[in-house]
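Novice: Got a structure for you, questions after.
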Amino acid sequence: MDSRQPTKLQLVVLFTVLTAALTPASATHYPLKATHWKAQCKLVKELRKSTAAASSKMVSKAGKWEQLEKAKLKAVLHAFAHIYKDNSTVPLILVTCAAKMQAQLVEELKTDVPKATNALAQTNDIAGAINGAVLSVSTAATDNSGYCLDSDTLGSDGKAGLAAAGCGDLPPDATSLEHTTDSAAIDGNGFKAIMGSTAGRMEEARTSSKCGVFETAANPTINAGINFAAGNTYGLAYGLIKLETAQQPTAEDLGTLTGNVVGKGKTIAKRAHQAWLTLQAQKPEQEHPDLKSTYENIANSAFIDSCVHDVLAHREPDKDRATITADIKQTKESYFGKAADKIPEITTKIETTQVLGTQNKASNKRQLSQVNEISELQQALTYYTQIVASTLASKNSLIEKLNEAAKTKDVKSAADACSKIKDKNDCDKKSYCSYNESAEEADKKCEFNEEKAKASGVRVTQSQTAGSTTSSDRCKRHTKKEDCEKENEGHKPGEKAHCELRINAKIPLF
């Protein structure tokens with residue numbers, strides 16, 4: 001036998017080598033594991049809930065403010081309607097507390113809105129990055145070359161399950177998304193959706209010749225997929241999916257993000273996780289279905305003691321504040337009852353109050369229970385404010401007229417009182433009388449002295465014609481200048497004259 005002839009074993013080996021050489025590399029083209037890419041989408045779905053969660057919480061605060069505004073306006077309208085009665089104290093306490101609770105809400109919103117906005121930006125940023133990466137992989141294979149996402153049913157195309165897993169387009173209104181927290185996806189430590197068995201190597205080696213995900217392919221035209229040159233490294237979604245070794249895409253473990261983390265991907269994931277935790281810490285406001293429950297909430301609030309104190313201090317300005325504070329518990333219970341059990345009765349009184357100014361004809365009355373729009377309540381408040389302002393202006397004008405009349409009467413009364421005094425010493429003792437030795441009427445020498453009255457703080461005003469600095473009859477009787485000036489004869493230079501002619505002068509005496 002010729003030793004140069006190939007043996008049977010040599011022929012088998014040669015056939016095997018040739019077969020391997022002629023077989024394309026597609027046998028190693030693996031799709032992503034369903035467990036792994038679906039975990040990525042689960043995290044996307046959970047992070048996207050932040051939009052709806054933040055919206056819901058901010059809307060609840062706005063709703064609480066609106067409830068307090070309605071309760072406040074109804075209480076103050078009740079107080080206006082009973083302004084002349086002694087039953088406006090309780091409504092005014094409710095008004096004061098509602099205003100304080102509204103102010104607290106506004107202060108909370110000043111910090112909550114920026115925090116919520118940042119949480120939306122951080123969580124949606126990383127959700128978008130992961131979503132984009134998974135969708136890019138899902139579209140890498142052509143119809144003739146298989147698929148890149150394996151299914152739960154091994155060897156089947158998983159692309160159809162993207163939306164159910166959580167990846168895909170955002171709905172037109174992201175605030176409408178269901179936003180109950182899934183603790184299996186995110187908790188206080190990190191993004192649990194991607195940890196342990198759902199992290200690490202992502203290729204599904206049990207399904208081959210489908211989609212070369214991150215291949216160093218010699219001939220990428222034969223097998224579709226995502227190809228890159230040998231020695232290069234890539235990262236999808238900020239590097240949360242690493243591409244360092246051919247055919248071995250790797251998912252970062254994100255289960256623990258509370259300590260120190262390494263790499264850009266984990267750093268961004270930690271930032272998003274912290275923002276998510278901040279958003280979770282913001283609690284929605286409790287919804288109150290009716291006015292009674294709103295008033296109960298006010299009466300049981302942390303502000304109630306200070307509100308009772310403030311209103312009573314304003315109603316009784318001369319009362320010592322320490323005394324009000326000491327009696328606050330008893331006073332509060334007298335108004336609202338123990339455990340606020342008088343609130344139903346208070347609410348009924350407020351709701352059955354008839355108010356004006358809510359309809360086209362302002363004089364038409366409506367029960368407050370029928371007025372539930374803030375604009376209508378504000379319209380009624382404007383009406384009552386104008387009525388009260390007009391009433392006060394009218395009363396002030398009347399008071400001024402009465403004061404003027406009283407002052408004129410006081411002058412006449414004072415003059416009459418002086419004229420009845422006969423004794424010089426008794427006359428001079430009076431703060432508004434002076435004894436005039438030269439008075440023409442012997443029994444009326446005690447006269448009213450305006451200068452003395454003014455110096456003594458007696459507030460009087462008198463309108464005079466042909467008057468002088470005193471009200472003595474010897475000045476009043478003159479109508480000619482020369483006769484008036486004769487009364488000043490004998491005065492030294494610089495001394496104030498007895499008489500001075502003033503035509504139609506109104507002399508203020510205070």
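The values are calculated or read from the model by the stated rules, or taken from the named source; none is laboratory data. The shown structure was predicted, so the numbers you read here are calculated from the model rather than taken from an experiment. Here the Cβ is made from the backbone with ideal geometry for all residues, glycine too, and neighbour counts use every protein chain on show.
Novice: For Leu77, only one of the following conditions fails: (1) crowded, with 20+ Cβ neighbours inside 10 Å; (2) under 21 Å from Asn300 (Cβ atoms). What is its number?
Specialist: (2)
Novice: Can you tell me which residues in region 123-140 are buried (at least 19 other Cβ atoms within 10 Å of the Cβ) and not in a helix (DSSP H, G or I)? Give the derivation first.
Specialist: Let us first name the residues in region 123-140 that are buried (at least 19 other Cβ atoms within 10 Å of the Cβ), namely 123-124, 126-127, 129-131, 133-134, 137-138, 140.
Across region 123-140, the qualifying residue is only Ala140.
Novice: Right, something else. Quick check on region 160-178: of everything there that is under 28 Å from the mean Cα position of the chain (by Cα), assigned to a helix (DSSP H, G or I) and not aliphatic (A, V, I, L, M), which residue is nearest to Gly128 (Cα to Cα)?
Specialist: Out of the qualifying residues, it is Thr175.
Novice: What are the residues in region 31-48 that are over 9 Å from Ala127 (Cα atoms) and in contact with an Asp or Glu (Cβ under 7 Å, 6 or more places away or on another chain), if any?
Specialist: Once the filter is applied, which keeps residues that are over 9 Å from Ala127 (Cα atoms) and in contact with an Asp or Glu (Cβ under 7 Å, 6 or more places away or on another chain), region 31-48 yields Pro31, Leu32, Lys33, Ala34.
Novice: Then there's this: Counting only residues that are touching a residue at least 24 places away in the same chain (Cβ under 8 Å) and surrounded by fewer than 17 Cβ atoms within 10 Å (Cβ to Cβ), how many does region 277-290 have? Break it down into steps so the answer makes sense when it comes.
Specialist: The initial filter retains those residues of region 277-290 that are touching a residue at least 24 places away in the same chain (Cβ under 8 Å), namely 277-280, 282-288.
With surrounded by fewer than 17 Cβ atoms within 10 Å (Cβ to Cβ) added as a condition, the list becomes 277-278, 280, 283-284, 286-287.
So the answer is 7.
Novice: Let me ask another. Quick one: which helices (runs of 4 or more DSSP H) sit completely within region 303-412 and have at least 1 residues that are farther than 18 Å from His78 by Cβ and among the acidic types (Asp, Glu)?
Specialist: Answer list for region 303-412: 304-315, 328-336.
Novice: Quick one: would you say His314 is in contact with a helix residue (DSSP H, G or I) (Cβ under 8 Å, 6 or more places away or on another chain), modelled with pLDDT under 95 and not β-branched (Val, Ile, Thr)?
Specialist: Taking the combined requirement at face value, the residue does not satisfy it.
Novice: Restricting attention to region 131-165, which residues are closer than 10 Å to Trp37 by Cβ and either without any contact (Cβ under 8 Å) to a residue 12 or more places away in the chain or of a type in the set (A, V, I, L, M) (or both)?
Specialist: Listed by number, the residues that qualify are Ala133, Val134, Val137, Leu149, Leu162, Ala165.
A quick yes/no check of all residues on (1) outside any loop (DSSP other than H, G, I, E, B); (2) under 30 Å from Pro91 (Cβ atoms):
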site: Asp253; (1), (2): no, no
site: Thr256; (1), (2): no, no
site: Ala275; (1), (2): yes, no
site: Glu287; (1), (2): no, yes
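So that you can scan it fast, the table gives a plain yes or no per residue for (1) aliphatic (A, V, I, L, M); (2) over 22 Å from Arg206 (Cα atoms); (3) assigned by the TED database to the domain that holds Leu68; (4) at pLDDT 95 or above:
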site	(1), (2), (3), (4)
Met101	yes, yes, yes, yes
Leu105	yes, yes, yes, yes
Lys115	no, yes, yes, yes
Asn124	no, yes, yes, yes
Thr139	no, no, yes, no
Leu177	yes, yes, yes, no
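Novice: Are there any pairs with C-beta distances below 7 angstrom linking a residue in region 252-276 that is touching a residue at least 40 places away in the same chain (Cβ under 8 Å) to a residue that is exposed (fewer than 15 other Cβ atoms within 10 Å of the Cβ) and assigned to a helix (DSSP H, G or I), with the two at least 6 apart or on different chains, and if so which?
Specialist: Gly255/Gly196
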